[in-house]
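The values are calculated or read from the model by the stated rules, or taken from the named source; none is laboratory data. Since the model is a prediction, treat every value here as computed from it, not as a measurement. Here the Cβ is made from the backbone with ideal geometry for all residues, glycine too, and neighbour counts use every protein chain on show.
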Amino acid sequence: MNNPILKNPRNIFFYILFWMFEALAYFLLISLGLNIEIKFSIVDSIVFNILLAGLGLSFWYPARYISVEDNFNYKIFLKHLISGIISSCIWLLVGFLIINNFVKAHGYSEFFYSTLGWRFFIGLLFYFLITAFYYIIIYYNSLQEKILKESELRNLVTESELKSLKFQINPHFIFNSLNSMSALTTIDPDRARSMILKLADFLRYTLANNGKEKNRLEEELKNINLYLDIEKIRFEDKFDYIEQIDNGVLDLKVPNMILQPLFENAIKHAVYDSLGKITIKLKCSINNNFLRISLENNFEDGYSKKGAGIGLQNIKSRLELIYGQKNLVDIKKEDNIFNVILYIPV
């Protein structure tokens, strides 16, 4: 892992800006606080702060390779103390040699030696401050990576759960249709053939859209009509289907295959168990930033829900996983009317 300060120009700019302010403060301290000549103060401030800024970049490596993730103990402190002493000595030696030999500031040696103690302390202090700053960066980056990995894992789990729920729904209907076709083969071959063709169209649509998480409501309704055509062959005139679709909702996106288990539930637990005609009514409208999808059907006295619930529970689970909200499914049963309402955020 490279030094994060060098990764983008903005970090470099702020790092340089920090050391410019530090050099100014350093200059004011030795020129005003210690009454040192201006030329000594300027040269000393520029040289030593440039060197310390350069050394500060190298402090990333002891912070990177001396880990404190487990616990901070005396061995780690001792390693950093030795590293800080070495870096301070290098800083002081190189700075002194540059000023004394290249700048040739007369009388500088006496000033340097008289301030050697607090210079060494400053070098050691900056080592620990900059290293601590790097530890904060390392911790922050590790935390962000952990959060990202957890988010990716949650997404993978959610995607896996959604696929699992979808696969629970599709075979359920297919097996019912195959059983119906098997029964019709000997009773009415023509109806069985028509049912096979309808089922082929239905499966073609399902496979073509299987990879999609969401689909347009209009496409889902076309698929529902294919499903109802299949069931019409099976039950003939035992049910009527009514649609009430408000303007502007057909282009809205809904989870793929979210409507089919609703209709399957109505067919299986109302039409199949009824002696009279069942009316299945679908209403789609906008209600408080939600696409409200209502499917209701009448049922006869004695109607029970034994065996039902898997499809509806799958719908609840899928909507909660996709939208991160609960209570998006409302189920009502009163006055011989069974009603399921979905609320799809738009």
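General remarks:
- For the range 211-245, a residue qualifies if it is charged (D, E, K, R), out of contact with any strand residue (DSSP E or B) (no Cβ under 8 Å at 6 or more places or on another chain) and either more than 15 Å from Arg191 (Cα to Cα) or not assigned by TED's automatic domain parsing to the domain that holds Pro261 (or both), and the qualifying residues are Lys212, Glu218, Glu219, Lys222.
- When each of Gly311, Gly307, Gly302 is tested for being at pLDDT below 85 and over 39 Å from the mean Cα position of the chain (by Cα), the lone residue that passes is Gly302.
- Test set (1) farther than 19 Å from Ile315 by Cα; (2) loosely packed, with under 15 Cβ neighbours inside 10 Å; (3) not hydrophobic (A, V, I, L, M, F, W, C) - Lys232 fails condition number: (2)
- Remark: pairs (first residue in the range 43-59, within 15 Å of Ile90 (Cβ to Cβ) and charged (D, E, K, R); second residue in a helix (DSSP H, G or I) and at pLDDT 85 or above; Cβ separation under 6 Å; 6+ apart in sequence or on different chains) are absent.
- For the range 215-240, residues that are assigned to a helix (DSSP H, G or I), within 24 Å of Asn256 (Cβ to Cβ) and not hydroxyl-bearing (Ser, Thr, Tyr) total 15.
- Test for Tyr113: is it among the hydroxyl-bearing types (Ser, Thr, Tyr) and under 19 Å from Asp44 (Cα atoms): yes
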